[in-house]
1. Specify which residue in the list LEU286, VAL21, GLY146 is farthest towards the positive end of the charge dipole of the chain, using unit charges on the beta carbon of Lys, Arg (+1) and Asp, Glu (-1), about the Cα centre.
2. With an 8 Å Cα cut-off and a minimum separation of 6 or more residues, compute the relative contact order for segment 133-221 in percent.
3. Cα extents of segment 12-138 along the three principal axes, largest first, in whole Å?
4. Quick one, which of (i) 56, 43, 38; (ii) 59, 49, 39; (iii) 55, 49, 35 is the actual Cα extents along the principal axes in Å calculated for this model?
5. Once the Cβ-Cβ distance between TYR32 and LYS278 is put in as r, and R0 is 35 Å, what FRET efficiency do you end up with, to the nearest 0.05?
6. Counting only pairs 8 or more residues apart or on different chains, how many lysine pairs in segment 167-300 have their Cα atoms under 20 Å apart?
7. Once amide H atoms are placed 1.01 Å from N in the peptide plane, what residues at a sequence separation of 5 or more from GLY131, or on another chain, have their amide H within under 5 Å of its amide H?
8. With a 1.4 Å probe and every protein chain left in place, work out the accessible area per residue of segment 1-112 in Å², rounded to a whole number.
Amino acid sequence: MLRSALPSTMKIFAHSRWDAVPVLSGIAHTLYLVALFVLFPRLPWWSLPILGLIYSVSISWNINGIAHNFIHNPYFTWKPANRAFSWLLSVTMGFSQQFYDLVHHRHHQGNSDHRDENGDTVDWLSIYRHGEDGEAESPWTYTFFGYFRDDPKVIFNEIKRRNPFNAYWGCFEIASWVILVILGFIFQWKFMLFFFPCYYFGHCLSYLNGYFLHYGGNPDVPLAWGVSSYNKLYNWFWFYNGYHAEHHFKPKQHWTKMVALHLQIREEQRKAGVRVIKPPHALGFLDPDLPKRGDSIPPREEAAAGA
């Protein structure tokens with residue numbers, strides 16, 4: 001009976017055995033949060049800012065690396081395992097992986113597009129969505145206000161239209177996190193007061209990372225939709241999230257094959273004017289060649305000619 005419920009093949013990972021690395025990393029992230037909760041009463045006060053910052057950074061690391069790659073190439077051959085991992089990511093980072101899936105697919109439909117004649121964008125995460133005069137908005141408003149801009153009702157209805165089960169699974173993920181938060185306040189309210197600023201800051205870091213994944217990119221040229229960073233240490237730890245122009249050009253490319261894709265299309269990228277920054281994306285504001293916001297993209301006429 002049990003054997004019939006398990007995958008019909010011994011193959012665990014759907015795309016690559018290397019996916020064991022992000023899966024184990026995601027589990028480690030969860031265990032880190034659990035350990036922080038359990039050990040909190042015995043931790044010295046001076047260690048809390050350090051440990052809290054690690055949790056904050058790890059949220060952005062997970063969203064932009066583990067959870068992001070999971071959206072494009074679900075790790076497991078067995079669907080219940082993918083559901084379980086989606087739930088684990090959700091309760092660890094305090095958001096629904098299913099809702100993230102929908103928002104991120106909208107991101108790839110619009111590719112950080114300009115506002116249309118009605119002032120709207122296909123991509124809800126577009127850096128131009130809340131900008132003025134066709135420019136990207138400030139990275140700081142994008143970073144610190146982005147968390148509050150999602151409309152769960154709109155996201156739910158859009159998912160429900162496509163797949164009702166996924167919509168309700170997303171609600172289950174959110175409800176699970178809310179229940180855990182309530183239990184956290186019951187058993188250790190001081191920890192929760194420490195947790196929430198770290199949680200919010202972690203999501204802000206993710207938006208900061210997301211901003212510079214596209215700032216200076218060209219929404220009108222497919223090869224140049226994203227901005228890339230080839231910093232080796234960053235890509236090793238962030239599961240090759242730095243190859244972002246490549247990723248937007250070919251979203252289903254597995255994270256282990258991003259370097260090969262880059263080598264294959266780099267001459268075409270050069271001709272298309274793909275922007276490359278030196279630091280990791282979260283530190284994109286430190287790039288020595290950072291354009292001013294008014295100069296962050298070429299004029300539309302020029303872009304159309306280049307396409």
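The values are calculated or read from the model by the stated rules, or taken from the named source; none is laboratory data. Quick caveat: nothing in here was measured; it's all calculated off a predicted structure. Here the Cβ is made from the backbone with ideal geometry for all residues, glycine too, and neighbour counts use every protein chain on show. When the accessible area is computed, the model is the full protein with side chains, heavy atoms only, and any ligands, DNA or RNA have been set aside. Shrake-Rupley method; radii C 1.70, N 1.55, O 1.52, S 1.80 Å.
1. Of LEU286, VAL21, GLY146, it is VAL21.
2. Contact order relative to length: 48 percent.
3. 56, 42, 20
4. Recomputing Cα extents along the principal axes in Å here gives the entry labelled (ii).
5. Efficiency computed from Cβ-Cβ geometry: 0.75.
6. Values: LYS232/LYS257; LYS232/LYS278; LYS250/LYS271; LYS278/LYS292.
Here the count comes out as 4.
7. GLU137
8. 50 Å²
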